[in-house]
Amino acid sequence: LPKVTLTPGKTELCVGQSTGISASSTNTGTTYAWSPNTGLSATTGSSVTVTPPDTTTYQAIGTDFKGCKDTTTVKINVRAVFAISAATSDSLKYCQANSINSFIKATITPDRASTITWFNGTTLIPTATTKDFTATTVGQYKVVVSDGVCDATSNIIDISLFPRPAITFDKPNPSAIC
């Protein structure tokens, strides 16, 4: 009897991600049939790529040269993609002479992020690791979240300065003064 073993590349995926699964057996010459065919790259062969739409248990039936069979399964868990947005009710434009103080809040669904990281442009803000952040300088702020499997990046909050108004004084015409 062939003893079939399945080795998945990953057992946790985010929706839309793929992983490979390899089948092996104690008996040489074993052939493999896979099911269900949902998200499978092929239904036969020792290696397949799976892109399951949701959590799926894949089964491989190994048949050796004598017709003896062994069946085993592997479960591939699929997590929902994050929906993430960043918002502020504070000002996005500041006068150059004023200090900047914009409170930005991230909304994350589902709320399972294990890491929350804020960036100003491409620069990591190492102390900003919660859903709430207060920007004190101009920049383009975004938040990146991850649960170790799925990652997502928010929209950009652009905090900028109004240019200083140019004030000019015209020199009065001395002949116009009485």
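Just a few scattered comments:
- If the condition is being in a loop (DSSP other than H, G, I, E, B) and small (Gly, Ala, Ser), then the stretch 90-128 contributes 91, 97, 99, 113, 114, 121, 128.
- Residues that are assigned to a loop (DSSP other than H, G, I, E, B) and within 25 Å of the chain's Cα centre (by Cα), drawn from the stretch 129-145: 129, 130, 131
- Residue within the stretch 51-71 that is surrounded by 14 or more Cβ atoms within 10 Å (Cβ to Cβ), without any contact (Cβ under 8 Å) to a residue 40 or more places away in the chain and not in a strand (DSSP E or B) present: yes
- Here the stretch 123-171 is the region considered, the condition is being over 22 Å from residue 95 (Cα atoms) and among the acidic types (Asp, Glu), and the residue that is surrounded by the fewest Cβ atoms within 10 Å (Cβ to Cβ) is 170.
- Within the stretch 24-46, being free of Cβ contacts under 8 Å to residues at least 40 places away in the same chain, within 16 Å of residue 69 (Cβ to Cβ) and part of a strand (DSSP E or B) holds for 24, 31, 32, 33, 34, 35, 44.
- Which numbered condition residue 98 misses (of (1) under 15 Å from residue 151 (Cβ atoms); (2) open to solvent by 60 Å² or more (accessible area, probe 1.4 Å)): (1)
- Odd one out for residue 113 among (1) among the small types (Gly, Ala, Ser); (2) modelled with pLDDT under 90; (3) surrounded by fewer than 16 Cβ atoms within 10 Å (Cβ to Cβ): (3)
- Of the criteria (1) modelled with pLDDT of 95 or more; (2) open to solvent by less than 40 Å² (accessible area, probe 1.4 Å), which one residue 2 fails: (1)
- Single condition residue 159 does not satisfy, out of (1) within 28 Å of residue 52 (Cβ to Cβ); (2) among the aliphatic types (A, V, I, L, M); (3) touching a Gly at 6+ places or on another chain (Cβ under 9 Å): (1)
The values are calculated or read from the model by the stated rules, or taken from the named source; none is laboratory data. What you see is a predicted model, and the numbers here were worked out from it, not measured in a lab. Here the Cβ is made from the backbone with ideal geometry for all residues, glycine too, and neighbour counts use every protein chain on show. Just the protein is used for accessible areas: all its heavy atoms, side chains included, with ligands, DNA and RNA removed. Shrake-Rupley method; radii C 1.70, N 1.55, O 1.52, S 1.80 Å.
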